[in-house]
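S.K.: I have a structure I would like to understand better, so I am pasting it below and will then ask my questions one at a time.
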Amino acid sequence: MASLHLMATTTKHSAQSTKTISVVPPPILTSQMDSITTTTTFVPTKKVLVPMGYGTEEMEAVIIVDVLRRAGADVTVASME
């Protein structure tokens, strides 16, 4: 968060005193970055087998498969039926 520095000066004119406030911005810090080399590595998709047995609740199966797919997995569902 940037902060501002206030600088107050008092000037006397004959019998009156006036105060001038000026806003001085903080110094800007700069840095020079040398050549940056980035490498991208390929991460293979995870393969997941979700076995379904007798009595599996439909919503349980759908939610499990949905969460895995949203995470980027290649999901295969296998059923006993």
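S.K.: For V43 and I63 in one chain, what is 0.36 nm times their gap in residues minus the Cα-Cα distance, to one decimal in nm?
M.R.: 4.7 nm
S.K.: If we count every other residue with Cβ under 14 angstrom of I63's Cβ, Lys/Arg +1 and Asp/Glu -1, where does the sum land? Please report the intermediate quantities before stating the final value.
M.R.: Values: positive: R69, R70; negative: E57, E58, E60, D66.
Local net charge: -2.
S.K.: What is the sum of charges around A73, taking Lys and Arg as +1, Asp and Glu as -1, for the other residues whose C-beta is under 10 Å from the C-beta of A73? Write down the numbers at each step before the final one.
M.R.: Details: positive: K46, K47, R69, R70; negative: D74.
For residues surrounding A73, the net value is +3.
We did not get these values from a lab; they are worked out from the coordinates using the rules stated. Everything quoted here is computed from the prediction, not taken from an experiment. Here the Cβ is made from the backbone with ideal geometry for all residues, glycine too, and neighbour counts use every protein chain on show.
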